[in-house]
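The values are calculated or read from the model by the stated rules, or taken from the named source; none is laboratory data. Owing to the predicted nature of the structure, the values given are computational and were not obtained by experimental measurement. Backbone-built Cβ (ideal geometry, glycine too); neighbour counts: all protein chains shown.
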Amino acid sequence: MTLNQAAALPLAELRRLQWRRIHDLLSEIIPSNLFQSSRLPNCVSTLEDFTSRVPLTTKLDLVQDQLAHPPYGSNLTYPVSRYVRLHQTSGTTGPPLRWLDTPESWSWILDSWVRVFESAGVGTGDRIFFPFSFGPFLGFWAAFDAAVRQGWMAIPGGGMRSPARLRMILDNGITVLCATPTYALRLAEVADEENIDLSDSPVRLILLAGEPGGSLPAVRSLIELRWPGARAVDHHGMTETGPVTYQCPHRPGILHVMEAAYFPEVLDPATLQPVPPGGKGELILTNFGRTGSPLLRYRTGDLVRTAGSPCICGSHELALDGGILTRTDDMFVVRGINLYPAAVEAVLRAHGGWAEFRAFIDSSQTLTELRLEVEPEPDHPASATIARSLESALADAFSLRVPVTCVPTGSLPRFELKARRWHRIQP
């Protein structure tokens, strides 16, 4: 049964399908997956058993497992020789998570991406542009491979400046642009600077991810205003899980979880009890097809609000009103990269040479920026090189340029209780 067909199933039939897939998944992983078998109860015979007896999985559980069993951890169902793909998270909350996929699980991921594309209206004759250096992140590799498998023209745009990417869009008749909301707006800003009229652009669809803004009406409307003739469509996924949601074709701002690929739950993050219909809670996911490196009841950290079911599009799949609202932790996003204060400070602490620092999260312009001030140690032998060294370390850690400025000794405040080094500059 395809993901598209499953979306139209009555709820009771959809639940039976999900239990069959959970049962098959458990049967495959229990004999050989050390991470999962050590956590699972002896008998799970119903979907209710699964939600009441199988423990939740956190990112910390996975990080600790990979630290204890380097480099890939013990959440592997098969010998490493069976795996053909490696991706990893950005490492913004600690060490990056490395994730391996077999040919079968990678094909499952591509199936999910095809569902995202087709629900957005991508089809024969489209030319899809990916204006990012892919690096080890899963999302754009999977989207690119899915487009190629479908026979659509997929054009990479890594290693280019924004003006060159705009010329690629115009010269090659790009019809679909994959980008973060921030970068879609940045390209429009650069078009103004370069005197490029985007009303001449053939782009008809902008497929968004990486930030919550794609499901926010104001952000979506602004993108569509800056890209005349283009429709902005949201979705989301994670390196650990794969592509999770697609935008409802009838209700912009509503994301549907692909429930033939995932079993979703929405729990109160404090009580871990299911939220009532229309309630807000943390999205919990079990993925069915990533058998080689599965996730059971994974706490994504994403806060969502459930919408009514069935949807007017006919789907009984879980509907998320407003997409991903925010995170359960203190996260901020710079150019599509999720950053956390503790992770940035960990990089700074690892390199030393400074006495104090101050950080500014500046959202006053189109693109949110992070910039740092550091106070060198008074007797540091090479204080002039500290800023360059820290900028390099931050770029290595986050694939992001973070400007660092050295300030005079004694100029930054000191703290006796909790430090207040992080400052937000709002529009």
**OP:** Could you run through the range 178-235 and say how many residues are surrounded by 19 or more Cβ atoms within 10 Å (Cβ to Cβ) and more than 25 Å from the chain's Cα centre (by Cα)?
**Re:** 2
Original post:
What's the number of the condition GLY314 fails, among (1) in contact with a strand residue (DSSP E or B) (Cβ under 9 Å, 6 or more places away or on another chain); (2) surrounded by fewer than 19 Cβ atoms within 10 Å (Cβ to Cβ); (3) at positive phi?
Top reply: (1)
**OP:** Being over 20 Å from LEU185 (Cβ atoms) and not in a helix (DSSP H, G or I) is the filter here, so list the residues in the range 332-370 that pass it.
**Re:** TYR340, GLY352, GLY353, TRP354, ALA355, GLU356, PHE357, ARG358, ALA359, PHE360
Original post:
So which residues in the range 303-326 are assigned to a strand (DSSP E or B) and either touching a residue at least 60 places away in the same chain (Cβ under 8 Å) or not assigned by TED's automatic domain parsing to the domain that holds ALA218 (or both)?
Top reply: ALA319, LEU320, ASP321, THR326
Original post:
Which numbered condition trips up THR245, out of (1) at pLDDT 95 or above; (2) more than 17 Å from the chain's Cα centre (by Cα)?
Top reply: (2)
Original post:
Which pairs do you get when a residue that is in contact (Cβ under 8 Å) with a residue 12 or more places away in the chain and assigned by TED's automatic domain parsing to the domain that holds LEU296, found in the range 70-82, comes within reach of a residue that is part of a loop (DSSP other than H, G, I, E, B) and of a type in the set (A, V, I, L, M, F, W, C), reach meaning Cβ atoms under 9 angstrom, with the pair 6+ apart or on two chains?
Top reply: GLY73/LEU97; ASN75/LEU295; ARG82/LEU76
Original post:
Within the range 360-393, which residues are hydrophobic (A, V, I, L, M, F, W, C) and either without any contact (Cβ under 8 Å) to a residue 40 or more places away in the chain or under 30 Å from ASP192 (Cα atoms) (or both)?
Top reply: PHE360, ILE361, LEU367, LEU370, LEU372, VAL374, ALA382, ALA384, ILE386, ALA387
Original post:
With LEU17, LEU62, LEU9 as the choices, which residue is more than 26 Å from the chain's Cα centre (by Cα), surrounded by 14 or more Cβ atoms within 10 Å (Cβ to Cβ), part of a helix (DSSP H, G or I) and in the same structural domain as THR241 (by TED's automatic domain parsing)?
Top reply: LEU17
Original post:
Of the conditions (1) farther than 18 Å from GLN426 by Cβ; (2) out of contact with any strand residue (DSSP E or B) (no Cβ under 7 Å at 6 or more places or on another chain); (3) modelled with pLDDT under 85, ASP330 fails just one. Which one is it?
Top reply: (1)
Original post:
When you go through TRP108, TRP113 one by one, which is the residue that is closer than 21 Å to ARG20 by Cβ and in contact (Cβ under 8 Å) with a residue 12 or more places away in the chain?
Top reply: TRP108
Original post:
Yes or no: PHE130 more than 15 Å from ARG335 (Cβ to Cβ) and touching a Cys at 6+ places or on another chain (Cβ under 6 Å)?
Top reply: yes
**OP:** Name, by its number, the condition in (1) part of a helix (DSSP H, G or I); (2) closer than 24 Å to GLY253 by Cα; (3) of a type outside the set (A, V, I, L, M) that does not hold for GLY210.
**Re:** (1)
Original post:
Do you know which of the residues in the range 144-177 that are modelled with pLDDT of 95 or more and small (Gly, Ala, Ser) is farthest from the chain's Cα centre (by Cα)?
Top reply: GLY173
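Residue by residue, here is whether (1) farther than 30 Å from ALA346 by Cβ; (2) out of contact with any Asp or Glu (no Cβ under 8 Å at 6 or more places or on another chain) holds:
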{"position": "LEU3", "(1), (2)": "yes, no"}
{"position": "GLN18", "(1), (2)": "yes, no"}
{"position": "LEU26", "(1), (2)": "yes, yes"}
{"position": "THR57", "(1), (2)": "no, yes"}
{"position": "HIS69", "(1), (2)": "no, yes"}
{"position": "LEU76", "(1), (2)": "no, yes"}
{"position": "TYR83", "(1), (2)": "no, no"}
{"position": "PRO96", "(1), (2)": "no, yes"}
Original post:
Which residues, taken from the range 333-376, are among the aromatic types (Phe, Trp, Tyr) and surrounded by fewer than 19 Cβ atoms within 10 Å (Cβ to Cβ)?
Top reply: TYR340, PHE360
Original post:
Restricting the search to the range 269-294, which residues are of a type in the set (S, T, N, Q), touching a strand residue (DSSP E or B) at 6+ places or on another chain (Cβ under 7 Å) and either outside the structural domain of TRP108 (by TED's automatic domain parsing) or touching a residue at least 40 places away in the same chain (Cβ under 8 Å) (or both)?
Top reply: THR286, ASN287, SER293
